[in-house]
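**Q** Before I ask anything, here is the structure I am working with.
The values are calculated or read from the model by the stated rules, or taken from the named source; none is laboratory data. Just so we're clear, the structure is a prediction, and the values are computed from it rather than from any experiment. Here Cβ is always computed from backbone atoms with ideal geometry, including for glycine, and neighbour counts include all displayed protein chains.
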Amino acid sequence: MKRMTVWTAAITLLASTAFAGDIGVSISHSDSNLAVLVQGMKDEAAKVKQPLQIEFAEGDVNKQLSQVQNFIAAKVDAIIVNTVETSATPTMTKMAADAGIPLVYVNNTPSDVHELGPKAAFVGSDEKVAGTLEAQEVCRVLKERGKTDDAGILIIQGVLANETAVLRSQAVHEVAATSECNFMKIIDEQSANWDPVKAQDLVTNWITAGYKPAAIISNNDEMAIGAINSVKAAGIDAKDVVIAGVDATKEAMHYMQNGDLQVTVFQDAIGQGAGSVTVAMKLAKGEKVESPLWIPYELVNPANVEKYLAKN
């Protein structure tokens, strides 16, 4: 995978020398976007010969807390966490601080992002920006299609204990409240826990209940794909419903090429993964780092999708 960006290159330059100690990594669960994130970590670590111990929490916050405890007991030199539930981050922050071990959160914004202390940091992207870009583009497409008369909007949320889902959904509400987009009427929103199968079931239930949405706005691409599959199974042309997601995964962009997905938002998972390794190494060497370290989001639609596919 060669999706190197200016941000990734800039972050890489922060590491003046390699740090040979072990870094423990806990990833919330497995999906296509997090696979890219992990690859970014591995690629960056390989370049500087940095050992990583990578474990997956399988969506279980207690398992993730146990993984962090085990990393501390093993006296790793730094810990990187992609959180299952951002509400649990104050506990993990305290555990690492008490042990004197540097901690870096990546991708999912910790609830204590502005209270991490000198030996902890966050590398990620501003989730409000993702939700705002997504919702504004849905608004534009609906206007383009002439659907400005009380357009019904359904929101598929991720894990509600996760700040990412909360902020992305909040941004959709804020866009729908603006004078430019107040024709967008949110008729329901429910969690599908980032899962495409659960999202498909949720949308099927909505359709069965009689909902006829003008748009379905999902907190991530995988759930958006679940929505597309549900709409198609119901005999509705996916092109008649504006479906949106976040992450710009390779699979999602193929759906966009086929005309089924109208909106996504590129999240530079490679840059986030590489940046988390570099920041962890710097903290382990006692150096100061910028936190939060924001990696920008970028809007993806059918007009520019080829550009982002080329980055995979």
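**Q** Anything in the range 98-125 that is free of Cβ contacts under 8 Å to residues at least 60 places away in the same chain and farther than 24 Å from GLY158 by Cβ? List them, or say none.
**A** Matches in the range 98-125: ASP98, ALA99, GLY100, ILE101, GLY117.
**Q** Quick one: would you say TYR255 is within 17 Å of ALA199 (Cα to Cα) and not in a loop (DSSP other than H, G, I, E, B)? If you could, list the steps in order and put the result at the bottom.
**A** Numbers: within 17 Å of ALA199 (Cα to Cα): yes; not in a loop (DSSP other than H, G, I, E, B): yes.
Taking the combined requirement at face value, the residue satisfies it.
**Q** Hey, another quick one. Which residue out of VAL141, VAL172 is in contact with a Ser or Thr (Cβ under 9 Å, 6 or more places away or on another chain), at pLDDT 95 or above, part of a helix (DSSP H, G or I) and under 19 Å from VAL265 (Cα atoms)? First the steps, then the outcome.
**A** Working: VAL141 fails: in contact with a Ser or Thr (Cβ under 9 Å, 6 or more places away or on another chain).
The match here is VAL172.
**Q** Please work out if LYS147 is of a type in the set (D, E, K, R), closer than 18 Å to ILE236 by Cα and not in a helix (DSSP H, G or I).
**A** Working: of a type in the set (D, E, K, R): yes; closer than 18 Å to ILE236 by Cα: yes; not in a helix (DSSP H, G or I): yes.
The answer is yes for LYS147.
**Q** So how many residues does the range 223-252 have that are within 19 Å of the chain's Cα centre (by Cα) and either surrounded by fewer than 22 Cβ atoms within 10 Å (Cβ to Cβ) or not in a helix (DSSP H, G or I) (or both)? Even if it seems obvious, please write down each step before you answer.
**A** Taking the range 223-252 first, the residues within 19 Å of the chain's Cα centre (by Cα) are 223-227, 243-252.
Filter once more, keeping what is either surrounded by fewer than 22 Cβ atoms within 10 Å (Cβ to Cβ) or not in a helix (DSSP H, G or I) (or both): 243-251.
So the count comes out to 9.
**Q** Restricting attention to the range 20-44, and to residues there that are over 15 Å from VAL106 (Cα atoms) and part of a helix (DSSP H, G or I), which single residue is nearest to the chain's Cα centre (by Cα)?
**A** Among residues in the range 20-44 that are over 15 Å from VAL106 (Cα atoms) and part of a helix (DSSP H, G or I), the one nearest to the chain's Cα centre (by Cα) is SER32.
**Q** Does any residue in the range 161-187 that is closer than 18 Å to ALA215 by Cα come within less than 8 Å, Cβ to Cβ, of a residue that is in a strand (DSSP E or B) and charged (D, E, K, R) six or more places away or on a different chain, and which pairs are these?
**A** As it stands, the answer is SER169/GLU189; ALA176/LYS185, since those pairs meet every condition given.
**Q** Let me ask something else. Residues in the range 151-174: is at least one more than 21 Å from GLN200 (Cα to Cα), under 19 Å from the mean Cα position of the chain (by Cα) and acidic (Asp, Glu)?
**A** Yes - at least one qualifying residue is present in the range 151-174.
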